[in-house]
Structures are given as structure tokens and as C-alpha cells.
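Here is the structure we will look at.
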Amino acid sequence: MTLGCMQRQQIKELCITYVPTFSATPGLTERAYHSIDTGNAHPIRVQPYRVSPQAKTAIEREIQDMLQMGIICPSGSTWASPAVLVPKPDGEIRFCVDYRKLNAVTRPDNYPMPRTDELLEKLGWAQFISTLDLTKGYWQVPLDESAKERSAFTTHLGLYEFNVLPFGLRNAPTTFQRLVDALLAGLAQYAVAYLDDVAIFSDSWADHLEHLQKVLERIREAGLTVKAKKCQIGLNRVTYLGTRWVKELSAPYRPKWMLSKSGLSQSQRNRFNPS
């Protein structure tokens, strides 16, 4: 089943209402803060790893980008973990920090993570599904002051610390899951989330529009943003949490303004907007 012209227009109008929410720039919520409880542990300081000239260039680029975005700032912390570059499947490089020693002295947060099989079971009866991906999810959660100090990392350029939740910290998933659980409180009959992956599911088109609007409004109110190029709306088939779910054959829909923001080629745009 493919969305009709009227349904596409309804989705376009709804999404235009939330244009600022669909952004490649991460938001910054005030609904949650991440803390790092190290008890009485003494500050841990690790020297930067030796890296190649090419890696140094990549690190310098990443540092500059994060400084401009306000993700990090120069630090005078007594804590320091080494930065590392991790290759991604698409050939690009992900900037990370080796927090293993810090994590070893961090007290665990035992907030429960959802079972993926239970989340997927909820999609079983749905006729329409939309999926939303929160932009650089963790970076939308601020650190408290003591956590900023402990997040400090060292490179050949010097010492920096994070203003927002970085990847690799112990308890980062539980902090973020607690946030999205609170975000969707009361909407469990038609919305679920595993970390930054949100799914909205409904058994009628009218309900789906209403449900999608309510979730987008919650996201906007929380100061969060959604990555437009990963957003798919009005599906009858979907890969969610690595599992492919199929109701009927359909064409995923994205309004053209969302496709243009995503940087997709014309052939890719045609795939999502066959009309």
C-alpha cells in the first residue's frame, strides 16, 4: 500500500509545523543531566595515545567542529582520558574517547533498558509506522559540572572536556533511556523508543497523524531534534532495532523539503517520492 496524495499532503503540513525539530544540529534538553559518580576515587589521568599524522589531522578537524558546536571546551581538569579514532563501516572515522579507566571507578546506574523483543511485539498489529532518529542522541543531554570535569580527554592539541553526554561513558545508555521513557510517558499504546530510535505505530491513518503529532510535540517541548534524513513516515514495512517488520508492501514517504535537507541524490529522492 502506498500513501495517497491527500495523505502525503497531510504529512507535509504536519512536518512543516515542526521544521525546526527536523535538524542535523543536536538540540539541548533541560529535562535530564548526566552525572558521573566516582565515589572516593582519585582522578585518573592517561597520556594521549600516539597517532599517525593522518590521524592527527582527523583529530584536529573533529576538535574544531566540536568546539564550534559547543560540544566541548578547553579544560583544566585533573582527569584525562585519551582520545581515539574508530573507523566506521562507511569508511569515515568516528572520534571517541577511551573511558575504560574512568568507567572502572564509576558507580553503575541500574535503570532498566527495554527488551527489544517486547518493543517489536508492539508493532505487530499496526497498519502504519513512522520512525524517528534523534540527532546525535547523546549530545542532546548536558553534563552536570562534576561530570564535565571527569569527561576531560587529552589529545596532541591539549586537554578538553565535554559539555554534553559523550559516547563511551558508563551509564550513558541508562541516562538517555530514562529521558526518552519520560518523554513518551503516557503514550505507550502507540510509541516506543530504544535510546534514540523512536517508533510510532497505529492501526488507522487518522490515528497515526494524531499520534505522530503528539510525539513530535513532546520532542519539541523537550528541546530535542530529529535527524530528517533518517526519518520515515507512513510505513507498512520497517527495519527497527535491526529487525525487519513487514505488514504490506509500501513506499516510505518523506516530504521533499526533508529529502533536500538530507543531501540525498535525485535518484534516492525518487525512491522515496515516486510520484
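The values are calculated or read from the model by the stated rules, or taken from the named source; none is laboratory data. This structure is a prediction, so every number in the text was calculated from the model and none was measured. Glycine gets a Cβ as well: all are built from the backbone with ideal geometry, and neighbour counts include every protein chain shown. Note: accessible area is taken over every heavy atom of the protein model, side chains too, but ligands, DNA and RNA are not part of it. Shrake-Rupley method; radii C 1.70, N 1.55, O 1.52, S 1.80 Å.
Quick one: which of 111, 49, 138 is open to solvent by 60 Å² or more (accessible area, probe 1.4 Å), within 30 Å of residue 39 (Cα to Cα) and under 23 Å from the mean Cα position of the chain (by Cα)?
Working: 49 fails: under 23 Å from the mean Cα position of the chain (by Cα); 138 fails: open to solvent by 60 Å² or more (accessible area, probe 1.4 Å).
Answer to the check: 111.
Looking only at region 37-56, decide whether some residue is small (Gly, Ala, Ser), out of contact with any His (no Cβ under 7 Å at 6 or more places or on another chain), part of a loop (DSSP other than H, G, I, E, B) and under 24 Å from residue 109 (Cα atoms). Looking for residues that are small (Gly, Ala, Ser), out of contact with any His (no Cβ under 7 Å at 6 or more places or on another chain), part of a loop (DSSP other than H, G, I, E, B) and under 24 Å from residue 109 (Cα atoms), one finds at least one in region 37-56, hence yes. For region 162-172, the set of residues classified as open to solvent by 30 Å² or more (accessible area, probe 1.4 Å) and of a type outside the set (Lys, Arg) consists of 163, 167, 168, listed by residue number.
I'm trying to understand the selection: among the residues of region 177-214, which are crowded, with 22+ Cβ neighbours inside 10 Å and assigned to a helix (DSSP H, G or I)? Selection gives 179, 180, 208, 212. Residues in region 57-93 that are among the small types (Gly, Ala, Ser) and either in a strand (DSSP E or B) or touching a residue at least 60 places away in the same chain (Cβ under 8 Å) (or both): 70, 75, 76, 77, 80, 81, 83. If you filter region 1-31 down to residues that are in a loop (DSSP other than H, G, I, E, B) and farther than 13 Å from residue 219 by Cα, you find that the one that is least open to solvent (accessible area, probe 1.4 Å) is 3. Tell me yes or no: at least one residue of region 63-86 is farther than 19 Å from residue 166 by Cβ, out of contact with any strand residue (DSSP E or B) (no Cβ under 7 Å at 6 or more places or on another chain) and open to solvent by less than 80 Å² (accessible area, probe 1.4 Å). Scanning region 63-86 turns up no residue that is farther than 19 Å from residue 166 by Cβ, out of contact with any strand residue (DSSP E or B) (no Cβ under 7 Å at 6 or more places or on another chain) and open to solvent by less than 80 Å² (accessible area, probe 1.4 Å). Here residue 109 clears all of (1) in contact with a helix residue (DSSP H, G or I) (Cβ under 6 Å, 6 or more places away or on another chain); (2) not in a loop (DSSP other than H, G, I, E, B) except the condition numbered (2).
Only a single criterion out of (1) at pLDDT 95 or above; (2) closer than 17 Å to residue 32 by Cβ is not satisfied by residue 101, namely (2).
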